[in-house]
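The values are calculated or read from the model by the stated rules, or taken from the named source; none is laboratory data. Since the structure is predicted, the reported quantities are computational estimates derived from the model, not experimental observations. Here the Cβ positions follow ideal geometry from the backbone for every residue, glycine too, while neighbour counts run over all protein chains shown.
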Amino acid sequence: MSILYDERVDGALPRIDKPALLAELRACLPDLDILHEREDLKPYECDGLSAYRATPLLVVLPERVEQVESLLKLCHARGVPVVARGAGTGLSGGALPLEQGVLLVLARFNRILEVNPAGRFARVQPGVRNLAISQAAAPHGLYYAPDPSSQIACSIGGNVAENAGGVHCLKYGLTVHNLLKLEILSACGERMTLGSDALDAPGFDLMALFTGSEGMLGIITEVTVKLLPKPQVARVLLASFDSVEKAGRAVGAIIAEGIIPGGLEMMDNLAIRAVEDFIHAGYPVEAEAILLCELDGVEADVQEDCQRVRAVLEAVGASEVRLARDEAERTRFWAGRKNAFPAVGRISPDYYCMDGTIPRRELPGVLRGIAELSAEYGLRVANVFHAGDGNMHPLILFDANQPGELERAEALGGRILELCVAVGGSITGEHGVGREKINQMCAQFNADELTLFHAVKAAFDPSGLLNPGKNIPTLHRCAEFGSMHVHQGALPFPELERF
Amino acid sequence: MDDFDASAALLEQVNQALAQGTALRIRGGDSKAFLGRPVAGEPLDTRAHRGIVSYDPTELVVTVRAGTPLAELEAALDAAGQMLSCEPPHLGAGATVGGMLACGLSGPRRPWAGSVRDLVLGTRVITGLGKQLRFGGEVMKNVAGYDLSRLLVGSYGCLGVLTEVSLKVLPKPRARLSLRLEMDLARALRQLAEWGQQPLPISAASHDGQALQLRLEGGEGSVAAARQRLGGELLDGGYWRDLNEQRLAFFADPRPLWRLALPSTSGVLALPGEQLIDWGGAQRWLKSDAEAEAIRRVLSEVGGHASCFSAGVCDSPFQPLAAPLLRYHRQLKAQLDPQGIFNPGRMYAEV
């Protein structure tokens, strides 16, 4: 079942008279940049999930909030769907356009409005890149903690819309934990402030609800984020294991010692070999698994924690434990992990990345299950894992040019996700549902739960004009999908760059 | 009382209330019943639904039924060397986990360790459509669907009955000590703003009018180094519990108690009455006879808000909402609780 908008199961869309809408927009908003020619629309037909494409009706590139406000009012009055987009780096098709909708590009809202060192916050426009916030805060010894691997390119508005994660979530939280205030425009163009300049706000916690809502409840026009003092030091330990089970047990043992690492990443042998071949990070290619454990904070504590973690790793049976000698080696250890996806991309014509999460204790069992499934389907799986927070990124290697491999990869991916849900996990830890996992939502939630999600949507956008078809499947879609095998909903994205 | 899954009985009571159109007043230990507006309704008591459902310290997650006494949860965590990092206040004997979630109040560690909402990973909730549903889960990262779990925290039971929650827990710090430094409030606030930009292990900061009280938590090395650097005299750590539970002499003042939430950088606020500073200046307690409007005017100017923590003082104890925001609150209430049976009017007359 295709993930492109299907009116049969996703609901009817209005038929928009494009020339009339264009004329009216030009009349109402003479200084708004509007793209409408087919060749101009082409660059916007997908986001980071580039396997799926749709040409938007129109693309608008506002620069001022007043323009967005007027646009939303007009679209609301005319019943025109609106899909918001930031940098377009999302991996789940959350910003996939609609042929019958306006694509609202917020990339030009790229100004940092305020960096307040005493208050430890930054107030920025939604199109500001994640990394740019930390760069602006750096002269004050501060930074913005959530660091999705795409942080060099992804924008903060999209981070909020997806509740973006990164490799430091266990200690520093997700996007939702690092926000103070959002300025938003409702579906009908009303301005509202969610959260506040204080640490809480009166009323329901709508800021938490909007975070991760994938552009379905409102349009973000300004974000105030918390800044943290940069840790004094960060040290990385690299531990090798002769079995993935041991590495999995080591993760639990570190936590049991009362230590919360800044980052805790795991890779299996296939991923290690791919990375070493590509980056020469100094990883032990004979190891069945490695753990990267970063400890950050005040010098004295980090030193003590390093000793404790080393002792734990050795007790659990690590075959080797290495402490990065200096900043250069620390960076090299991390470079290996951060390049794991492209490295795997070099050893296989295609790969398909999953984003399931599991309770950490289930890791050995799930890895064993993945290995068995891998053998059953005759496809290799490289495992890269945010071990600290239970977020798995199994990479299924296949060759789309070999007949049947793509279908096998899809089926295997679906079985892996099913395994995650079965042990109490989730179909997506940080990439979002978007369109990519719209069918898997039917496995994660029952009809009553989905009905409640639709009720939430109706409270903010009763006409359903904001990003139709994303995030929450219709019951109709689930009914149709339920008659199929769950795994056939998982789709391949061979050429997609993954982090 | 024994651990018991009473969710079926709670669900049945909700379904009866839905059938008869009766309002429900959701209660646990009623330790925070004085907050918000009075609710007329048949009591729905969560306390039979109690017990820790699962707790694996190495997972840093505990799943617990809403009627469980908060003290019982804290004792279980403490025995495993862990804690609720947001330090929720009990405000009375018999406080429950459900009440902690519904009120969403956090203690002195809040600015450094996050709020009750920040600990929530997943919930079970009985909805206004008469179903018990599950949102979120027991994993640290989960972005499937809308974040209903975190929305419900601090919603004072107006959107549904929380029956179970999974919370992120953290190891207790290895070292901890408290300090008292004589300085006036203006200087203390300036100092805190400066220290906040440095990696110091501060985990609580309060000012009582005469002195700044600080708590340091972390590894032995960082706490000892910070103690050396900051000076001052040692303070009994019981201060923080007394502050959190409103047992300091300040709270005995008979005038109404107000909670002021504001940017920590706001400086000294000129308001009639006495003030006690918590959260490094971001939460301030006010004992004052001043009118609600007068207090809120001052708070609005600095980007903050004020709630009245004394019952029966004003008709809207929580800061009134801007018109569009109130409308969306009503629409959300209408969608999630279409018959308006859950704690009607507890937060706002219209919700």
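Numbers below:
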{"read-out": "Residue selected from segment B:208-222 under the condition surrounded by 24 or more Cβ atoms within 10 Å (Cβ to Cβ) and of a type outside the set (S, T, N, Q), by the criterion nearest to A:Asp296 (Cα to Cα)", "value": "B:Leu214"}
{"read-out": "The lone exception for A:Ala315 - which of (1) closer than 19 Å to A:Arg360 by Cβ; (2) part of a loop (DSSP other than H, G, I, E, B) it fails", "value": "(2)"}
{"read-out": "Residues located in segment B:114-172, provided they are free of Cβ contacts under 8 Å to residues at least 40 places away in the same chain and small (Gly, Ala, Ser)", "value": "B:Gly114, B:Ser115, B:Gly136, B:Gly137, B:Ala144, B:Gly145, B:Ser149"}
{"read-out": "B:Ala95 away from every other protein chain (no Cβ under 14 Å) and more than 15 Å from the chain's Cα centre (by Cα)", "value": "no"}
{"read-out": "Residue match in segment B:37-48 (condition: within 24 Å of the chain's Cα centre (by Cα), farther than 30 Å from A:Ile259 by Cα and within 14 Å of chain A (Cβ to nearest Cβ))", "value": "yes"}
{"read-out": "Among (1) among the hydrophobic types (A, V, I, L, M, F, W, C); (2) under 20 Å from the mean Cα position of the chain (by Cα); (3) part of a helix (DSSP H, G or I) - the single one A:Phe385 does not satisfy", "value": "(3)"}
{"read-out": "Conditions (1) surrounded by 17 or more Cβ atoms within 10 Å (Cβ to Cβ); (2) modelled with pLDDT under 95; (3) not hydrophobic (A, V, I, L, M, F, W, C): number failed by B:Gln198", "value": "(1)"}
{"read-out": "Cβ-Cβ under 6 Å pairs, at least 6 apart or on other chains, segment A:299-319 side farther than 14 Å from A:Leu264 by Cα and away from chain B (no Cβ under 14 Å), far side part of a helix (DSSP H, G or I) and of a type in the set (Lys, Arg)", "value": "A:Gly317/A:Lys246"}
{"read-out": "Helices (runs of 4 or more DSSP H) (entirely within segment B:99-159) containing at least 2 residues that are more than 7 Å from chain A (Cβ to nearest Cβ) and closer than 24 Å to B:Gln331 by Cα", "value": "B:148-152"}
{"read-out": "Answer residue from segment A:425-473, given it is of a type in the set (A, V, I, L, M, F, W, C), within 10 Å of another protein chain (Cβ to nearest Cβ) and touching a residue at least 60 places away in the same chain (Cβ under 8 Å) and is farthest from B:Gln339 (Cα to Cα) among those", "value": "A:Ile427"}
{"read-out": "Considering residues of segment A:127-168 that are within 14 Å of the chain's Cα centre (by Cα) and among the hydroxyl-bearing types (Ser, Thr, Tyr) only, the residue surrounded by the fewest Cβ atoms within 10 Å (Cβ to Cβ)", "value": "A:Ser149"}
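Here's the yes/no breakdown for (1) touching a strand residue (DSSP E or B) at 6+ places or on another chain (Cβ under 6 Å); (2) polar (S, T, N, Q):
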position	(1), (2)
A:Ser348	yes, yes
A:Gly356	yes, no
A:Gly369	no, no
A:Asp389	no, no
A:Phe398	yes, no
A:Ser426	yes, yes
